[in-house]
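Take a look at the structure set out below.
The values are calculated or read from the model by the stated rules, or taken from the named source; none is laboratory data. Remember, it's a predicted structure, so these values are computed and weren't measured experimentally. Ideal geometry is used to build each Cβ from the backbone, glycine not excepted, and the neighbour counts take in all protein chains shown. When the accessible area is computed, the model is the full protein with side chains, heavy atoms only, and any ligands, DNA or RNA have been set aside. Shrake-Rupley method; radii C 1.70, N 1.55, O 1.52, S 1.80 Å.
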2 protein chains.
Amino acid sequence: MTKREQPVREATVADVARAAGVSKAQAARALGGYGAVSEQVLSLVIAASEQLGYRPNQVARSMTTGRSNSIGVVVGDIENAHFGLALRGISDEVRDAGYTVVLVNTDEDLDAEVGAVQELLQQRVAGLVVAPCSSTQTAHLGSAQERGRAVVLFDRGIHGLELDTVRVDFADAALQVGRLLLDAGHRRIGYVSSLRTDGPYEPGADLGLSPVADRVRGIEQAFTEAEDEWDPTLVQLNAFSDDTLAAACAELLDRPAPATAVVCSDSLIALGVLGHIKRRGLRIPEDISVVAYDDFPWTELVEPPLTVVAQPVYDMGREAARALLRRLGHRVPAERLPLRAHLVERASVGAPSEEN
Amino acid sequence: MTKREQPVREATVADVARAAGVSKAQAARALGGYGAVSEQVLSLVIAASEQLGYRPNQVARSMTTGRSNSIGVVVGDIENAHFGLALRGISDEVRDAGYTVVLVNTDEDLDAEVGAVQELLQQRVAGLVVAPCSSTQTAHLGSAQERGRAVVLFDRGIHGLELDTVRVDFADAALQVGRLLLDAGHRRIGYVSSLRTDGPYEPGADLGLSPVADRVRGIEQAFTEAEDEWDPTLVQLNAFSDDTLAAACAELLDRPAPATAVVCSDSLIALGVLGHIKRRGLRIPEDISVVAYDDFPWTELVEPPLTVVAQPVYDMGREAARALLRRLGHRVPAERLPLRAHLVERASVGAPSEEN
DNA sequence: CCTGAAGTTGAGACCGGTCTCAAACTGAAG
DNA sequence: CTTCAGTTTGAGACCGGTCTCAACTTCAGG
């Protein structure tokens, strides 16, 4: 008795046909529910297929049709709850249409993203849902489209290519964040994001079509309303690791006139910034005010509860998936989920301290 | 000009062969790096393939080999950071070996899990990594193995089938949790888990091979050491939704002699329990002590910082993937990652209040 | 009984790799 | 100049569905 037993051979259309005593073509028609098949043949084939436990080989099917029943999802970091939740939305929506999800993580690395798209195309996925890591390097996405694959972007947009893009509208919420802090009396508002750029932030710089651009713009706009100006050195980008995040915090707090409020661009940044503030022994909001993007359950449980900008991440995933399904020719409920972010005021914003 | 332009036809081996002026078989050998190929043919084929931008069609490859270069991952809830992190581990490990991940979410529903495995087999995935939702209903996993697919379980085990299973060792940590609480003076220790069972918990009940079983056993053992007994009605299972979780909390706290400490079986439960405690206006640890499983960054930032059992979730994912790769005949670094949970004492455990 | 349209049926091509097999070629030994 | 092993090569089968096409059956209408 060998260790590796011969795996049971799967029943094929030909097997079913033989068992039913009809031709392969008829069996295929009966099983596939297309073409003309007599009652008699139909029942014979059904019986035989059940008898043999026939399951269509999806690979063979994809071979002829040229596309598989799976869609590729490319994200920067699945470990991030933001993408975890969006992925859940995509997955839920797409399952009903009979697709499975092939997931690739890119670590926000462009080369990895290009490779991932390449690989997924070779797998002949029906379509792609991508959160692109660059808004300018987009050749791989264009080529995917040229090769006849539907591509939908989410969370972030790109320049130069016309692609369906599903993003949350931050314009209102971001402006409100700016006003909230300005009204509370803050002028030195720090902004921390993991967005990768080549140099430090400059006013009016093109931050691509990332949500970060909208969020920064909102605060700038609030400053303009208040007829004031936002010190650009308070915008700290490239905080994508523990070290760089710590450096960004230091940059904001170890200066003659330190930031009196910090806006955290996502929940990972918030976690880091909160830890940093805690280690420094600063109190929120007495010593420093904090606003974070993304409203996860824990933000309400920290002390004090965080003022956050909530965004419909799950729905964004669903909408992205729907957009893709539409491109793939599926009829999808017309109802569109509203994707607007909104400010949730809790207790982490106060007036700047007197000494400032 | 039609809306839908003709997608560019992908170059095939036959195209490359024609361009290189050799037979399809030779071109395939040159591209696949097998069999005997002369220097001259090799360079001709390489040149032609680059010229045409040839990319092998993975579907066609899977067709002949009978397996795709993707592995199926079946989990209960990707939205849960626990699985998100494990998934990341699986994904990282498997990518190096050239596989992609097909992810299916089951919502901890057995029927969905059975369907998912079925679907993945039809897609001819090379292997499966599953966090099974039942430890007894395992026919689908057995059939996957019979059909020649490698199957590896993680997070939880099953009965009756010999399958590689990658789990974190909770024996020590669970016992320590029990001792910690007992030593602090607690006797009415609540336990809340989302594990689905048919009825309420009974001492010695078979909780399957889920981590929950180990965790409950550890506390029971600590009670035995202390020559005391654990009131089984304090073990609240089936808290898998907002409602059921709220009911479990009520069950523990709205009784003549309420629990003085609560152990939360995972981070989702912890989030719910913490919210519940907060809404009741109870103080931690003065009024009630809390211990949670899974050490995510936020657990240190809540007030007070949570005493938790940390577990190497990412490594568990990696190990599961490695076990699968080994089964698939890959040489994988022999070094095994230790998978032991350990208690991290912070500030959410104190003595039970006097009035109790 | 003949005709034609509609309904059924089976043979076999096809998708794009992989791989077997036999033929052709190479060069060294005899 | 043979002979033979070893290398290189091309033809074509194969995987398992899908689908075209031609042929056959059936039956109403003439």
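Condition check ((1) over 30 Å from B:I71 (Cα atoms); (2) of a type in the set (V, I, T); (3) surrounded by 15 or more Cβ atoms within 10 Å (Cβ to Cβ)) across all residues:
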site: B:A310; (1), (2), (3): no, no, yes
site: B:V313; (1), (2), (3): no, yes, yes
site: B:M316; (1), (2), (3): no, no, yes
site: B:A321; (1), (2), (3): no, no, yes
site: B:L324; (1), (2), (3): no, no, yes
site: B:R331; (1), (2), (3): no, no, no
site: B:A334; (1), (2), (3): no, no, no
site: B:L339; (1), (2), (3): no, no, yes
site: B:R346; (1), (2), (3): yes, no, yes
(Q) Going by what's in this entry, would B:A86 be described as facing chain A (nearest Cβ under 9 Å) and either surrounded by 19 or more Cβ atoms within 10 Å (Cβ to Cβ) or within 27 Å of B:E10 (Cα to Cα) (or both)? (A) no
Q. Are there any helices (runs of 4 or more DSSP H) wholly within the range B:185-300 with 1 or more residues that are more than 27 Å from B:R340 (Cα to Cα) and among the β-branched types (V, I, T), and if so which?
A. B:242-253, B:267-280
(Q) Take B:D107 and tell me if it is in a helix (DSSP H, G or I) and either more than 16 Å from DNA strand D (Cβ to nearest atom) or within 12 Å of chain A (Cβ to nearest Cβ) (or both). (A) no
Q.
Looking at the range B:4-18, can you tell me whether even one residue there is away from DNA strand D (no atom under 16 Å from the Cβ) and open to solvent by less than 30 Å² (accessible area, probe 1.4 Å)?
A. yes
Q) Considering A:S143, A:S135, which residue is more than 14 Å from the chain's Cα centre (by Cα), over 24 Å from B:D107 (Cβ atoms), in contact (Cβ under 8 Å) with a residue 40 or more places away in the chain and open to solvent by 10 Å² or more (accessible area, probe 1.4 Å)? A) A:S135
Q) Out of all the residues in the range A:64-75, is one or more at the interface with chain B (Cβ under 9 Å from one of its Cβ atoms) and touching a Phe, Trp or Tyr at 6+ places or on another chain (Cβ under 8 Å)? A) yes
(Q) Take the conditions away from chain A (no Cβ under 14 Å), within 9 Å of DNA strand C (Cβ to nearest atom) and among the charged types (D, E, K, R) and apply them to B:R29. Does it pass? (A) yes
Q: Scan the range B:175-198 and report the pairs whose first residue is open to solvent by less than 10 Å² (accessible area, probe 1.4 Å) and whose second residue is among the charged types (D, E, K, R) and not in a loop (DSSP other than H, G, I, E, B), with Cβ atoms within less than 9 Å and a gap of 6+ or a chain change.
A: B:V177/B:R215; B:G178/B:E220; B:G178/B:E225; B:G190/B:E251; B:Y191/B:R215; B:S193/B:R215
Q: Exactly one condition in (1) in contact with a Leu (Cβ under 9 Å, 6 or more places away or on another chain); (2) open to solvent by 70 Å² or more (accessible area, probe 1.4 Å); (3) more than 22 Å from B:V94 (Cβ to Cβ) is not met by A:A36; state its number.
A: (1)
Q.
Looking at the structure I just gave you, is B:R61 outside the structural domain of B:S194 (by TED's automatic domain parsing), closer than 21 Å to B:A126 by Cα and in a helix (DSSP H, G or I)?
A. yes
